[in-house]
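Every number here is computed from the coordinates shown, using simple stated rules; none is lab data. What you see is a predicted model; the values in this text were computed from it and never measured. Quick reminder, even Gly has a Cβ in these numbers, built from the backbone with ideal geometry, and neighbours come from all protein chains shown.
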Amino acid sequence: MAAALETHIDALLPQTQCTRCGYAGCLPYAGAIARREAPINRCPPGGRATIEALAALLGVPVLPLDPACGREEPPRVAFIDEARCIGCARCLAPCPVDAIVGAARFVHTVIAERCTGCELCLPPCPVDCIELRAAPFAALDPAANRRRHEAHQARLVREARERAAAIEAQKASLRAGGESP
Ligand code: SF4
Ligand code: SF4
Ligand code: SF4
């Protein structure tokens, strides 16, 4: 029952995964709301419309956005100044929707249409060459953001499995080498 409510609440959240609500992502915040542990006014990307939708779903009063979480703003996307990028790749891992293209020692770039404007790539950049600019779209697409975030998480799980399998194979090979005469 609580899980179903969490799913309904999550469906109303913008899925930027920005963590401004104070939770690790939209789904954890949805869970906290479902358990009545968090108020409905902590999502700046969703703003007033999301608060109203949550209030209607839960039958609770509409609240003003909690200013401690941030301000409601038009969608923005990250932009990398490629002339200053040193190709350190530190911005890749924090991106919850894999919107950054690049590899170590190569210039990185943001696929603007995929970017949720979560800002999580900004702090790790050692040369501050990432900034936010007006988005090329009028509104966030929560369904697409969720799909990309799920794909991102599935990739992390797959890579962790592959790493573990490679380590096991290496250990087995070392054991086999040690057993040979
Ligand atoms: S989009 Fe809203 S609910 Fe999702 S992580 Fe950001 S603040 Fe939290
Ligand atoms: S590129 Fe940066 S701002 Fe855009 S989704 Fe990825 S981490 Fe967030
Ligand atoms: S963190 Fe900054 S310098 Fe490093 S690859 Fe990303 S954009 Fe380039």
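Go over the candidates R147, R155 one by one and state the one that is in contact (Cβ under 8 Å) with a residue 40 or more places away in the chain and closer than 26 Å to L27 by Cα. Result: R155 is the single residue among R147, R155 that is in contact (Cβ under 8 Å) with a residue 40 or more places away in the chain and closer than 26 Å to L27 by Cα.
Candidates in the stretch 76-104 are the residues that are closer than 23 Å to P142 by Cα and of a type in the set (V, I, T); of these, the one that is nearest to ligand 3 (Cβ to nearest atom) is I100. Could you check, for the stretch 24-37, whether at least one of its residues is among the aromatic types (F, W, Y) and surrounded by fewer than 22 Cβ atoms within 10 Å (Cβ to Cβ)? Scanning the stretch 24-37 turns up no residue that is among the aromatic types (F, W, Y) and surrounded by fewer than 22 Cβ atoms within 10 Å (Cβ to Cβ). Total residues in the stretch 23-66 satisfying the condition of being of a type in the set (G, A, S), more than 27 Å from P94 (Cα to Cα) and in a loop (DSSP other than H, G, I, E, B): the figure is 1.
Identify, from the list R84, R147, the residue that is within 18 Å of G46 (Cα to Cα) and exposed (fewer than 15 other Cβ atoms within 10 Å of the Cβ).
Working: R84 fails: within 18 Å of G46 (Cα to Cα).
Going through R84, R147 in turn, the sole match is R147.
Among the residues of the stretch 132-142, is there at least one that is part of a helix (DSSP H, G or I) and either farther than 30 Å from G46 by Cα or not small (G, A, S) (or both)? Yes, the conditions are met somewhere in the stretch 132-142.
When the stretch 39-69 is limited to residues that are within 21 Å of the chain's Cα centre (by Cα) and among the β-branched types (V, I, T), the one that is surrounded by the fewest Cβ atoms within 10 Å (Cβ to Cβ) turns out to be T50. Here is a check on your reading of the model: is A38 under 23 Å from V110 (Cα atoms) and more than 16 Å from ligand 3 (Cβ to nearest atom)? So A38 fails the test.
Looking across the stretch 6-22, the residues that are more than 16 Å from ligand 2 (Cβ to nearest atom) and assigned to a loop (DSSP other than H, G, I, E, B) come down to A11, L12, G22.
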